[in-house]
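Beneath this line is the structure, given in structure tokens, with notes to follow.
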Amino acid sequence: MFNFKDKVAVVTGGARGIGKCICESFRAAGATVCVIDILENDYFVGDIADKETLERFANKVIRDFGHVDYLINNAAPKMCGISDGGYEDFEYALKVGVTAPFYLSKLFAPYFSEGASIINISSSRDRMSQPETESYTAAKGGISALTHALAVSLAGRVRVNSVSPGWIDNNYTVYEGADATQQPAGRVGNPPDIANMVLYLCSDMAGFITGENICIDGGMTRQMIYHGDFGWSLDTKK
């Protein structure tokens, strides 16, 4: 469906989960993929929370290929809450989730090819929360806002969009019962649900889309739930 022959895609957090699926999808479409992850991979192992690591990674990509067509800021920030998370935990989450995407965009800015795209992986948690998720939620909200800021600053040079996944099961588990039927789409998501959108947004088919956040969550954030509706109840004693 997609042809990315001779294109260079940079993917953070590409060694597992959604990031790995994005890498595999790009490679299947003919692209060369440059991964940075704290986990072992075939290109660059490093922590994107570290400024010098980002600079060394960007320099390697440019030395190796001379340009970048697609930057996918996918690496997941640390999740901690207000009860147990400390200053350093929160700061680290923002470095991974917001600062690194900004700095990589800046480092690669002179080297983006014509028709280039940046795709930021946010989360449906950029608009809704569970208790004790402050660091992750703040980082995902930050990268959603960073998306439209970059889209305006890089207008005419790079399209910038974000994707907000809902419940995505990296193990491709098939859920039945309430876990599936609570979602209007009738199932839990899988990594290709996100990877397919990432590749679409990078393709010429999405040439008129920039500054947007697309939520892929099976409709969960569109479903209003009140106590007593459809068998749902709130137990305030838990």
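The values are calculated or read from the model by the stated rules, or taken from the named source; none is laboratory data. Computed from a prediction, not measured in an experiment: that's the story for all the values here. Cβ: placed from backbone, ideal geometry, glycine included. Neighbour counts: every protein chain shown.
Looking across 164, 144, one residue alone is at pLDDT 95 or above, in contact with a Cys (Cβ under 9 Å, 6 or more places away or on another chain) and of a type in the set (Gly, Ala, Ser). It is 164.
Any chance region 39-51 includes a residue that's within 18 Å of residue 200 (Cβ to Cβ) and under 20 Å from the mean Cα position of the chain (by Cα)? Step through it out loud before you land on a result.
The first filter runs over region 39-51 and keeps only residues within 18 Å of residue 200 (Cβ to Cβ), leaving none.
No: zero hits.
Identify all residues within region 172-210 that are outside any loop (DSSP other than H, G, I, E, B), farther than 21 Å from residue 159 by Cβ and small (Gly, Ala, Ser); write none if there are none. Answer for region 172-210, where residues must be outside any loop (DSSP other than H, G, I, E, B), farther than 21 Å from residue 159 by Cβ and small (Gly, Ala, Ser): 178, 180, 189. Looking at region 6-53 only, could you name the residues that are part of a strand (DSSP E or B) and either surrounded by fewer than 21 Cβ atoms within 10 Å (Cβ to Cβ) or modelled with pLDDT under 95 (or both)? Once the filter is applied, which keeps residues that are part of a strand (DSSP E or B) and either surrounded by fewer than 21 Cβ atoms within 10 Å (Cβ to Cβ) or modelled with pLDDT under 95 (or both), region 6-53 yields 32, 44, 45. Consider region 59-92 and keep the residues that are of a type in the set (Lys, Arg) and modelled with pLDDT of 95 or more. The one that is surrounded by the fewest Cβ atoms within 10 Å (Cβ to Cβ) is 63. Determine whether residue 120 is closer than 24 Å to residue 202 by Cβ and either among the acidic types (Asp, Glu) or not in a loop (DSSP other than H, G, I, E, B) (or both). In short, yes. Any residue at all in region 128-138 that is farther than 16 Å from residue 80 by Cα, in contact with a helix residue (DSSP H, G or I) (Cβ under 7 Å, 6 or more places away or on another chain) and surrounded by fewer than 21 Cβ atoms within 10 Å (Cβ to Cβ)? No, region 128-138 contains no residue that is farther than 16 Å from residue 80 by Cα, in contact with a helix residue (DSSP H, G or I) (Cβ under 7 Å, 6 or more places away or on another chain) and surrounded by fewer than 21 Cβ atoms within 10 Å (Cβ to Cβ).
Looking across 195, 149, one residue alone is under 20 Å from residue 118 (Cβ atoms) and either among the hydroxyl-bearing types (Ser, Thr, Tyr) or touching a residue at least 60 places away in the same chain (Cβ under 8 Å) (or both). It is 195.
Within region 215-231, track down each residue that is surrounded by fewer than 17 Cβ atoms within 10 Å (Cβ to Cβ), on the phi < 0 side of the Ramachandran plot and touching a residue at least 12 places away in the same chain (Cβ under 8 Å). Walk me through it before giving the result.
Taking region 215-231 as the starting set, the residues that turn out to be surrounded by fewer than 17 Cβ atoms within 10 Å (Cβ to Cβ) are 219, 221-231.
Imposing the further condition that a residue be on the phi < 0 side of the Ramachandran plot reduces the set to 221-227, 229.
Hits for region 215-231 are 221, 222, 223.
Just to be sure before I move on: is residue 113 out of contact with any strand residue (DSSP E or B) (no Cβ under 6 Å at 6 or more places or on another chain) and not in a helix (DSSP H, G or I) in the structure I sent?
Numbers: out of contact with any strand residue (DSSP E or B) (no Cβ under 6 Å at 6 or more places or on another chain): no; not in a helix (DSSP H, G or I): yes.
Answer is no for this residue.
When residue 104 is tested against (1) part of a strand (DSSP E or B); (2) crowded, with 22+ Cβ neighbours inside 10 Å; (3) of a type outside the set (Ser, Thr, Tyr), exactly one condition is not met: (1).
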